[in-house]
There are 2 protein chains.
Amino acid sequence: MSVASIHKPVQQELEQVEQAISEVTRSEIPEVQKMLEMVLSASGKRLRPTIALLAGRFGEYRPQHLVPLAASIELLHTATLVHDDVIDDSDTRRGQPTVNSRYHNASSVMLGDYMFAHAADLICRTESIEVVKLFTRTLLAMAGGELTQDMTAYEYGQDTMQYFHRIAGKTASLFATSAEGGAKVAGASEEWTKSLHDYGENLGMTFQIVDDILDFEGDEAELGKPTGSDLLSGTLTLPSLLLMERHPDDNPVKKLFADKQNGNEHLAQAILMIRDTSILEESHAVARDFRDRAIASLEQLPDTADRASLAEVADHVIERRS
Amino acid sequence: MSVASIHKPVQQELEQVEQAISEVTRSEIPEVQKMLEMVLSASGKRLRPTIALLAGRFGEYRPQHLVPLAASIELLHTATLVHDDVIDDSDTRRGQPTVNSRYHNASSVMLGDYMFAHAADLICRTESIEVVKLFTRTLLAMAGGELTQDMTAYEYGQDTMQYFHRIAGKTASLFATSAEGGAKVAGASEEWTKSLHDYGENLGMTFQIVDDILDFEGDEAELGKPTGSDLLSGTLTLPSLLLMERHPDDNPVKKLFADKQNGNEHLAQAILMIRDTSILEESHAVARDFRDRAIASLEQLPDTADRASLAEVADHVIERRS
């Protein structure tokens with residue numbers, strides 16, 4: 001399932017979303033305009049807006065509120081990436097130089113804040129305090145998840161439950177809000193809204209787990225970042241947690257956290273062990289399990305082409321290689 | 001007019017505001033809790049909540065919405081300070097070490113985002129999409145003002161009009177929203193709401209101009225930061241702009257921007273010239289003029305004790321020494 005084919009059913013509205021986003025990038029200050037273009041044109045897959053637009057078809061179709069919702073979510077997502085790159089001190093993202101590497105941290109902090117402000121402005125255009133509250137809860141979950149990740153970096157005693165909890169806040173909450181927000185804008189029934197929320201949440205979990213697998217399995221050139229970068233910066237994800245579970249007493253993760261100076265050596269060992277064993281296959285199985293739950297959540301909804309499209313998004317997320 | 005006496009008319013609600021803010025500081029993560037306490041207990045004067053609470057008395061008094069509004073505004077204000085300290089790379093604020101100096105920039109970025117999220121959560125508790133929109137417009141104005149300030153740093157060709165425009169976004173917008181938000185929560189008439197907005201905006205201009213005067217005139221120990229720090233970091237404010245107007249061809253500001261390596265030498269010269277001439281008196285006159293406009297804006301309102309209290313806040317702002 002290619003990105004182009006999952007975009008197809010909402011192609012027209014997606015163009016309006018791009019339009020709404022590009023209006024935001026117009027700044028009086030040339031330097032700001034340049035930074036915004038740099039960030040927003042490093043085009044992602046627009047998965048979240050696609051989900052919001054599809055979910056908005058389960059009820060009364062209101063593009064005048066749906067397009068700002070979808071644009072707001074994508075802008076919020078991109079704003080968090082800008083701040084994440086400062087936090088992680090990343091030089092590249094999707095193979096492109098980051099704002100903080102090209103400019104400086106101060107610019108990235110301000111640019112992220114400016115994009116947050118525009119995301120908040122767009123969400124208000126849904127004219128629904130309920131949707132704004134949903135957006136706000138997501139902000140809290142994401143910011144909380146990010147803080148937890150940072151504060152527990154290089155902490156050896158974490159388990160998979162803590163990992164699931166962390167990625168639920170950091171990633172799945174925004175996917176859940178994409179789907180639930182679409183349903184709310186459409187005035188969908190409570191039952192459908194709940195189904196779409198569950199779909200989004202499970203899909204978000206799938207997305208993050210696949211991301212974390214790709215960090216070990218993926219091709220550096222395709223990913224646009226070095227392999228194992230999460231582990232090197234002290235973040236435990238599913239594959240490294242499974243490695244630790246299997247070798248509780250002696251494993252390269254423990255060595256890496258205890259001896260950061262020789263980090264790259266221990267990292268290479270960890271990557272080898274993770275790739276050599278069934279850990280990656282097991283991780284994929286966990287991701288597939290969340291994908292299945294996402295698709296099962298759709299069962300309450302009428303069996304329409306839009307429902308099939310949402311299922312196809314889930315398949316794309318599990319199959320992606322970058 | 002002391003801070004205690006301007007708090008007095010809204011003492012009870014201010015305590016509820018403190019309560020709402022302190023609920024936010026409770027985090028499961030001890031490190032986060034510590035950082036939040038560090039930021040929020042470095043107690044400011046709570047001027048903005050005081051204004052919001054007083055403005056909320058011109059109409060139907062609704063403390064259940066007014067207290068979240070006031071708490072949200074103070075939290076947003078503090079969040080911007082946390083990010084400002086990263087942007088300006090400041091080590092101290094109000095004489096206390098900043099989060100970025102004690103921890104690291106990444107923590108400050110995340111902490112600021114977390115506080116923004118809580119501010120957004122609180123503003124939604126006003127249950128008014130109109131008030132949320134006001135909050136959002138302020139976010140845009142503040143973020144835009146901050147970006148403009150950074151992008152025009154060390155730019156020599158600025159004039160006082162650009163300065164007024166910049167501080168209107170950076171500072172006055174949040175004061176305007178404090179007063180206008182209070183009026184909106186109270187369901188005040190359009191005329192009163194406009195009066196209160198104008199009061200807040202003019203008071204915000206006064207506040208920032210006094211701040212910028214204190215940066216040259218004030219006592220380092222009282223201010224908790226070195227004299228002339230704005231100019232040293234390339235930000236032109238009213239006193240330095242007036243100095244440049246008087247000596248367009250040869251002045252230490254020009255030298256400072258052209259020769260940052262000997263920055264402190266040129267800065268000392270600029271401070272001497274600003275203190276020696278009538279520039280500070282002229283700057284004070286401009287601040288008083290905005291204060292007068294703030295008080296004149298109140299004339300449309302009924303002549304109550306609350307109106308008198310708002311006028312007293314304006315007097316406090318002009319008289320403050322730190």
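Hey, A:TYR61 hits all of (1) surrounded by fewer than 17 Cβ atoms within 10 Å (Cβ to Cβ); (2) without any contact (Cβ under 8 Å) to a residue 60 or more places away in the chain but one; which does it fall short on?
Failed condition: (2).
From A:LEU139, A:LEU147, which residue is under 24 Å from A:VAL313 (Cα atoms) and either crowded, with 19+ Cβ neighbours inside 10 Å or touching a residue at least 12 places away in the same chain (Cβ under 8 Å) (or both)?
The match here is A:LEU139.
Can you tell me which of B:SER101, B:SER107 is surrounded by fewer than 24 Cβ atoms within 10 Å (Cβ to Cβ), of a type in the set (Gly, Ala, Ser) and more than 9 Å from every other protein chain (Cβ to nearest Cβ)?
The conditions single out B:SER101.
Being within 21 Å of A:LEU76 (Cα to Cα) and without any contact (Cβ under 8 Å) to a residue 12 or more places away in the chain, is that true of even one residue in region A:152-164?
No: zero hits.
When the residues of region B:49-58 are filtered to those that are in contact with a Gly (Cβ under 9 Å, 6 or more places away or on another chain) and either more than 16 Å from B:THR171 (Cβ to Cβ) or not aliphatic (A, V, I, L, M) (or both), which remaining residue is surrounded by the fewest Cβ atoms within 10 Å (Cβ to Cβ)?
It comes out as B:ARG57.
Please work out if B:ASP89 is within 12 Å of chain A (Cβ to nearest Cβ) and assigned to a loop (DSSP other than H, G, I, E, B).
In short, yes.
For region A:110-148, give me each residue that is outside any helix (DSSP H, G or I) and more than 7 Å from chain B (Cβ to nearest Cβ).
Those that are outside any helix (DSSP H, G or I) and more than 7 Å from chain B (Cβ to nearest Cβ): A:ARG125, A:THR126, A:SER128.
Just the residues that are surrounded by fewer than 20 Cβ atoms within 10 Å (Cβ to Cβ), assigned to a helix (DSSP H, G or I) and within 9 Å of another protein chain (Cβ to nearest Cβ), please, taken from region A:150-171.
A:MET151
Looking at region B:1-11, which of its residues are of a type in the set (A, V, I, L, M) and either in contact with a Lys or Arg (Cβ under 8 Å, 6 or more places away or on another chain) or part of a loop (DSSP other than H, G, I, E, B) (or both)?
Correct list: B:MET1, B:VAL3.
How many residues does region A:261-285 hold that are under 24 Å from A:MET151 (Cβ atoms), surrounded by 13 or more Cβ atoms within 10 Å (Cβ to Cβ) and not small (Gly, Ala, Ser)?
2
Considering A:ALA179, A:ALA186, which residue is closer than 19 Å to A:LEU69 by Cα and surrounded by fewer than 22 Cβ atoms within 10 Å (Cβ to Cβ)?
Going through A:ALA179, A:ALA186 in turn, the sole match is A:ALA186.
Under 7 Å by Cβ, and 6 or more places apart or on different chains, what pairs join a residue from region A:293-307 that is outside any helix (DSSP H, G or I) with one that is not hydroxyl-bearing (Ser, Thr, Tyr)?
Note: pairs meeting the criteria are A:LEU301/A:PHE58; A:LEU301/A:TRP192; A:LEU301/A:ARG307.
Specify the residue that is surrounded by the fewest Cβ atoms within 10 Å (Cβ to Cβ); the eligible residues are those in region A:241-260 that are within 27 Å of the chain's Cα centre (by Cα) and under 11 Å from A:TYR156 (Cα atoms).
Filtering region A:241-260 for residues that are within 27 Å of the chain's Cα centre (by Cα) and under 11 Å from A:TYR156 (Cα atoms), the one surrounded by the fewest Cβ atoms within 10 Å (Cβ to Cβ) comes out as A:PHE257.
So which residues in region A:12-55 are hydroxyl-bearing (Ser, Thr, Tyr), within 14 Å of chain B (Cβ to nearest Cβ) and in a helix (DSSP H, G or I), if there are any at all?
A:THR25
Filter region B:200-249 down to the residues that are among the acidic types (Asp, Glu) and in a helix (DSSP H, G or I) and list them by number.
Once the filter is applied, which keeps residues that are among the acidic types (Asp, Glu) and in a helix (DSSP H, G or I), region B:200-249 yields B:GLU201, B:ASP211, B:ASP212, B:ASP215, B:GLU217, B:GLU220, B:GLU222, B:ASP230, B:GLU245.
When both residues are 6+ apart or on different chains and their Cβ atoms are under 8 Å apart, which pairs have a first residue that lies in region A:250-266 and is in a helix (DSSP H, G or I), and a second that is of a type in the set (Ser, Thr, Tyr)?
A:VAL253/A:TYR156; A:VAL253/A:SER240; A:LYS254/A:TYR156; A:PHE257/A:TYR154; A:PHE257/A:TYR156; A:LYS260/A:TYR154
How many residues are in contact with a Ser or Thr (Cβ under 7 Å, 6 or more places away or on another chain) and among the hydroxyl-bearing types (Ser, Thr, Tyr) if we restrict to region B:28-75?
Result for region B:28-75: 0.
Values in this text are rule-based calculations from the coordinates and carry no lab data. This is a predicted model, so every value here is computed, not measured. Methodologically, a virtual Cβ is constructed for each residue, glycine included, from the backbone with ideal geometry; neighbour enumeration extends over all protein chains shown.
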